[in-house]
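Where a number appears in this text, it was derived from the coordinates with a stated rule and is not lab data. The shown structure was predicted, so the numbers you read here are calculated from the model rather than taken from an experiment. Here the Cβ is made from the backbone with ideal geometry for all residues, glycine too, and neighbour counts use every protein chain on show.
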Amino acid sequence: MKIKVIIAEDERFAREELIYLLSKERDIELLPSAGNGRELLESVMLHKPDAVFLDIQMPELDGMEAARRLSIQGNAPYIVFTTAHEEYAVEAFRIHAVDYLLKPYDSGRLSEALNRIRQAAARNTKAPRVNKLLIDDREKWVVIDPNQVIYAVKEEKNTIIHLAAGETRCSRLTLQELEYKLSAYPFFRSHRSYLVNLNYIDSIEPWFNGAYNIILKDGKKTTIPVSRISVKPLFKHLNAE
């Protein structure tokens with residue numbers, strides 16, 4: 001599933017940096033950029049993006065006002081604000097922004113913002129529910145039961161899938177691709193490198209600096225990290241189950 005993105009940024013170097021970073025993501029499709037808020041509104045009407053990376057301080061129409069206008073439209077895109085100033089954060093989340101990135105961009109924070117977009121998109125666009133999943137495992141293809149997947153973790157260029165029987169599968173699928181294939185099942189992206197089956201959660205324990213750990217009921221009591229930005233969505237998701 002491709003996520004269509006517009007970058008709205010009037011500073012050329014900042015725009016080119018974000019284009020470079022996002023172009024490395026396999027599931028991101030970059031649409032023509034906008035140099036100010038008015039260009040953004042026109043571009044959104046024309047291209048119908050899934051998400052917008054939106055600078056706050058822009059000429060003609062600033063990012064905050066552009067976001068307010070987008071928020072009252074049907075099927076508004078997800079907003080990630082980008083700025084060099086921290087003082088806009090509260091107002092940004094009042095507009096229900098998905099995330100708020102400070103310049104210069106940190107690769108870890110950018111990954112977290114992208115994962116929040118992916119999670120929101122997956123909740124709204126799910127893959128068809130299937131009883132069996134065909135997965136590449138090194139030099140062969142194997143069929144697995146989605147209900148038997150306990151968790152998956154990104155390791156270098158591969159995704160390691162852990163099954164209830166204690167087996168693992170090493171797939172070339174990205175974690176994002178696997179997350180989409182399993183979106184009809186109760187899986188949650190707790191961290192940019194982890195996808196976990198909610199049915200296998202035993203407990204959730206505080207860890208450090210606002211982050212948590214998931215303890216799995218898999219016999220080994222495997223520990224899965226929960227990033228700070230994923231804590232509230234996780235508890236909300238579990239309460240809704």
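Note on Lys217/Lys2: beta-carbon distance plugged into 1/(1 + (r/R0)^6) with R0 of 41 Å gives a FRET efficiency of 0.70.
Could you tell me which of the pairs Lys132/Lys181; Lys2/Lys126; Lys103/Lys157; Lys2/Lys236 are separated by over 19 angstrom between their Cα atoms in the structure shown?
Lys103/Lys157; Lys2/Lys236
Pairwise Cα separations in the stretch 133-240 fall into 10 Å bins from 0 onward with the following percentages, short to long: 15, 50, 30, 6, 0.
Which value at 222 nm does the chain reach when only helices count, each DSSP H run of 4 or more adding -39,500 (n - 2.57), with the total divided by all residues and rounded to the nearest 500 deg cm²/dmol?
Using -39500 (n - 2.57) per qualifying helix, the result is -9500 deg cm²/dmol.
Suppose a student asked you for the relative contact order of the stretch 1-145, using Cα pairs under 8 Å spaced at least 6 residues apart; what percent would you report? Computed value for the stretch 1-145: 17 percent relative contact order. Each label point was placed 7 Å from the Cα along the Cα-to-Cβ direction; for His96 and Glu156 their separation is 4.3 nm. In order along the stretch 107-123, the Karplus-derived 3J(HN,Hα) couplings, from 6.51 cos²θ - 1.76 cosθ + 1.60 at θ = phi - 60°, round to 4, x, 5, 5, 4, 5, 4, 5, 5, 5, 5, 4, 5, 5, 5, 5, 5 Hz, and Gly and Pro are given as x.
For the stretch 1-89, the square roots of the Cα gyration tensor eigenvalues, ordered a ≥ b ≥ c, give a/c of at least 1.5 with a/b no greater than b/c, which places it in the oblate category.
Considering the zone a paramagnetic label at Ser71 would reach in this model (a point 7 Å from Cα along the Cα-to-Cβ line), which residues of the stretch 99-123 have amide N under 15 Å from it? Answer for the stretch 99-123: 99-100.
The string of couplings for the stretch 15-27 from the Karplus curve (6.51, -1.76, 1.60, θ = phi - 60°) is 5, 5, 5, 5, 4, 4, 5, 6, 5, 7, 8, 5, 9 Hz, one whole number per residue in order, with x for Gly and Pro. Within the listed set Ser71, Ser107, Ser183, the Gaussian network model of the chain (springs between alpha-carbon atoms below 10 Å) gives the highest mean-square fluctuation for Ser107. Shown here for the stretch 143-190: trypsin sites (Lys or Arg not before Pro) in loop regions (DSSP other than H, G, I, E, B) with at most 10 other Cβ atoms within 10 Å, namely Lys157.
Subtracting the Cα-Cα distance from 0.36 nm times the residue separation, let me have the gained length for Ala120 to Phe235 in nm, one decimal. Before the final figure, lay out the partial values.
Numbers: separation 115, 0.36 × 115 = 41.40 nm, distance 1.51 nm.
That pair, Ala120 and Phe235, stretches by 39.9 nm at full extension.
Classify the chain as rounded, prolate or oblate, taking a ≥ b ≥ c as the square roots of the eigenvalues of its Cα gyration tensor: rounded when a/c is under 1.5, otherwise prolate if a/b is larger than b/c and oblate if not.
Note, shape of the chain comes out prolate.
For Arg68, what charge total do you get from the other residues with a beta carbon under 14 Å from its beta carbon, if Lys and Arg give +1 and Asp and Glu give -1?
0
Largest GNM mean-square fluctuation across Gln148, Gln57, Gln73, computed for the chain with C-alpha springs under 10 Å, falls on Gln73. The spacing between the stretch 202-241 and the stretch 14-48, judged by their C-alpha centroids, is 33 Å.
Amide H contacts of Glu29 (H built 1.01 Å from N, in plane; Pro and chain starts excluded): Ile3, Lys4, Val5 sit under 5 Å, all sequence-distant by 5 or more or on other chains. Most tightly packed first, judged by the mean number of other beta-carbon atoms within 10 Å of their residues, the peptides 217-230, 129-142 read 217-230, 129-142.
For the peptides 77-85, 116-124, residues were scored by their other Cβ atoms within 10 Å and the scores averaged per peptide; the highest-first order is 77-85, 116-124.
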